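A short write-up of the structure that comes next.
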Amino acid sequence: MTFQVQGGALCAGPVSLAGIAEAVGTPTYVYSADAISAQYRRLEAAFADIPTEICYAVKANANLGVLGLINGLGAGFDIVSGGELQRVIAAGARPETVVFSGVGKSEAEINLGLKLGIHCFNVESAAELQRIARQAERLQRIAPVALRVNPDVDARTHPYIATGLKENKFGVQASEAVGLLVEAERHPWLEASGLACHIGSQIEQVGPYLEALDRLLDLLDELQASSVELGHIDIGGGFGVTYQDETPLDPRELATAAKARLRDRPQTLVIEPGRFLTANAGVLLTRVEYLKPGSQDGQPSFAVVDAAMNDLLRPALYQAWHWVEPVLPPGDGASADCWDIVGPICESGDFLARRRQLTLAPGDLLAVGSAGAYGMAQSSNYNARGRPAEVLVEGDRFRVVRRREHINDQLALERIDAHG
Ligand code: LLP
């Protein structure tokens with residue numbers, strides 16, 4: 001466990017979370033560099049027997065400090081926008097380690113990828129392939145392309161984060177993929193480099209991956225028959241983690257099964273983990289502002305905290321469960337109750353957790369767990385709230401890797417009238 005109680009106080013490794021809150025304020029995201037590194041090493045070890053590129057899915061947590069750490073571990077990156085591309089470059093990544101996914105790449109984003117010389121574009125439609133070809137010719141740069149296939153596989157996860165079914169907007173149908181890659185191979189400004197898929201997120205079983213991999217391998221055989229040789233095969237990300245009581249797949253099991261299937265094939269395997277590396281390496285620190293004890297007639301008890309759905313959207317959006325623990329032992333006068341942990345935002349959907357048995361007093365610090373992935377990344381300025389600070393704990397030290405937003409950060413972008 002990354003976050004453990006020591007001498008009564010919840011800590012990140014040897015660093016007290018209360019000390020961080022004291023120094024930086026709340027709400028604040030705290031990430032453990034050791035926990036991220038340990039997860040990375042776990043994946044690296046699991047896939048050690050197969051030539052594998054681990055391309056971290058930046059969307060899970062795009063903080064520069066986190067990206068710099070992951071870059072230092074030797075990872076490549078999976079990006080979905082020009083902004084993410086600029087972030088990984090700013091964090092020190094080499095462009096040739098970057099794969100560019102996403103259904104709506106703009107001309108400007110494609111040009112940026114071409115100029116920087118990324119590893120490949122994961123192409124999601126025939127129209128996108130044409131656009132990339134046009135831009136490649138214009139810039140006189142060869143564009144390496146992988147085709148993202150929609151394998152029509154049920155990832156058995158939350159419907160909002162399943163992406164591999166044919167009703168989802170992602171990828172091209174398997175029947176189209178071969179034709180498009182043959183077209184790419186013949187095009188003077190395109191280079192067919194791989195086949196890709198990503199079937200969803202928070203996947204708990206190996207089965208759906210293997211179904212998807214088998215579809216890609218069938219396509220690889222068809223391509224070989226057309227003399228198209230590809231350099232890599234990308235099975236996406238989605239490796240599940242434990243939020244509550246899930247027992248997600250062991251990457252070693254997936255690696256073993258993948259190895260058996262990839263035997264004798266020259267292609268490198270690419271994986272795009274996001275959540276697996278960062279989710280359980282992060283907590284959101286928040287302070288109790290008010291307690292509103294419930295009534296006999298069934299009104300719940302509310303603990304109103306200073307973090308809200310704009311800071312951590314997952315509970316509101318996916319009904320996601322995140323653990324909540326007090327950072328310090330309860331003081332005198334704290335009330336034991338079954339609390340709904342809610343934020344200050346004017347929506348009933350603004351909750352971080354529901355029905356948690358906790359002993360609380362106003363002013364208490366809480367840690368909301370498993371918040372290192374899709375936490376800060378999905379935050380917003382809703383209700384004109386500034387986004388939280390972010391802190392990275394490395395060994396026995398911590399540093400602020402993003403300062404808290406100030407209202408001036410928001411106001412600076414806007415104007416009252418035409419003259420400003
Ligand atoms: N590769 C592609 C092409 C993706 O679309 C995604 C995630 C990943 C990799 C990384 O998936 P991961 O390993 O993190 O599961 N906001 C949602 C998750 C959305 C995932 C979108 N795509 C959540 O909070 O659960």
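Bear in mind that the values in this text are calculations on the coordinates, not laboratory data. Keep in mind that what you see is a predicted model, and the values were worked out from it rather than measured. Cβ: placed from backbone, ideal geometry, glycine included. Neighbour counts: every protein chain shown.
Once the piece of chain linking Arg134 and Gln224 is laid out straight, how much longer is it, given 0.36 nm per residue of separation minus the C-alpha distance between them?
Here the segment from Arg134 to Gln224 would lengthen by 29.8 nm.
Only Cα pairs under 8 Å and at least 6 apart count here; give the relative contact order of the chain as a rounded whole percent.
Relative CO of the chain lands at 19 percent.
Can you list, bin by bin at 10 Å, the percent of alpha carbon pairs in the chain, starting at 0?
For the chain, the pair-distance distribution reads 5, 21, 28, 23, 15, 7, 2, 0.
Regarding region 210-313, what are the three Cα extents along the principal axes, ordered largest first, in Å?
71, 23, 21
Aspartates and glutamates within cross-link reach of Lys59: Cα-Cα under 15 Å, excluding same-chain residues under 8 positions apart?
Once the sequence-local aspartates and glutamates are set aside, what remains near Lys59 is Asp78, Glu84, Glu272.
Can you order the peptides 272-278, 2-8 by their average number of other Cβ atoms within 10 Å per residue, highest first?
Ranked by mean Cβ neighbours within 10 Å, highest first: 272-278, 2-8.
Tell me the label-point distance for the pair Glu289, Gln173, using the 7 Å Cα-to-Cβ offset, in nm and rounded to one decimal.
Taking the two extended label points, one gets 5.2 nm.
Can you bin region 1-116 into rounded, prolate or oblate? Criterion: square roots of the alpha carbon gyration tensor eigenvalues sorted a ≥ b ≥ c, rounded for a/c under 1.5, prolate for a/b above b/c, oblate for the rest.
Judged from the Cα gyration tensor, region 1-116 comes out oblate (a/c at least 1.5, b/c at or above a/b).
For region 275-315, go through all pairs of different Cα atoms, get the mean of 1/r, take its inverse, and jot down that Kirkwood value in Å.
Answer for region 275-315: a Kirkwood hydrodynamic radius of 12.5 Å.
DSSP loop (so not H, G, I, E, B), at most 15 other Cβ within 10 Å: list which GluC sites (Glu not before Pro) in region 128-236 pass both filters.
Answer by residue number: Glu167, Glu229.
Straight distance only, please: which aspartates and glutamates reach the Cα of Lys169 with their own Cα at less than 13 Å, same-chain residues fewer than 8 apart left out?
Glu124, Asp152
Full extension from Thr359 to Tyr318: what is 0.36 nm times the residue separation minus their Cα-Cα distance, to one decimal in nm?
12.1 nm
Antiparallel versus total DSSP beta bridges in the chain: what percent is that, nearest 5?
In the chain, DSSP labels about 45 percent of beta bridges as antiparallel.
Rank by packing, highest mean first: peptides 384-393, 107-116, 306-315, with packing defined as the count of other Cβ atoms within 10 Å averaged across residues.
Highest-to-lowest ranking by the protection proxy: 306-315, 384-393, 107-116.
Enumerate the amide H contacts of Gln205 below 5 Å, restricted to partners 5 or more residues apart or on another chain; note that Pro and chain-start residues carry no placed amide H.
Leu249
What list of ³J(HN,Hα) values in whole Hz, one per residue of region 326-342 in order, does the Karplus curve 6.51 cos²θ - 1.76 cosθ + 1.60 (θ = phi - 60°) give from phi, with Gly and Pro shown as x?
x, 7, 10, x, x, x, 4, x, 6, 10, 7, 6, 9, 9, 8, 8, 10
Name the residues whose placed amide hydrogens come within less than 5 Å of the amide hydrogen of Asp340, ignoring near sequence neighbours (fewer than 5 apart) on the same chain.
The list, which skips near neighbours in sequence, is Ser301, Phe302, Ala303, Arg355, Arg356.
In terms of modelled amide H atoms, which long-range or inter-chain residues lie less than 5 Å from the amide H of Ser193?
Val145, Ala146
Considering the alpha-carbon set of region 33-276 alone, what are its Rg and its Dmax in angstrom?
Cα radius of gyration and Dmax of region 33-276 are 16.8, 53 Å respectively.
Size of region 290-420 along its principal axes in angstrom, Cα-based, largest extent first?
In descending order, the Cα extents are 57, 43, 30 Å.
Output the 0 to 90 degree angle, nearest 10, between the alpha-carbon long axis of helix 207-225 and the longest principal axis computed from the alpha carbons of the chain.
20
Report, for region 33-276, the % of DSSP beta bridges that are antiparallel, rounded to 5.
5
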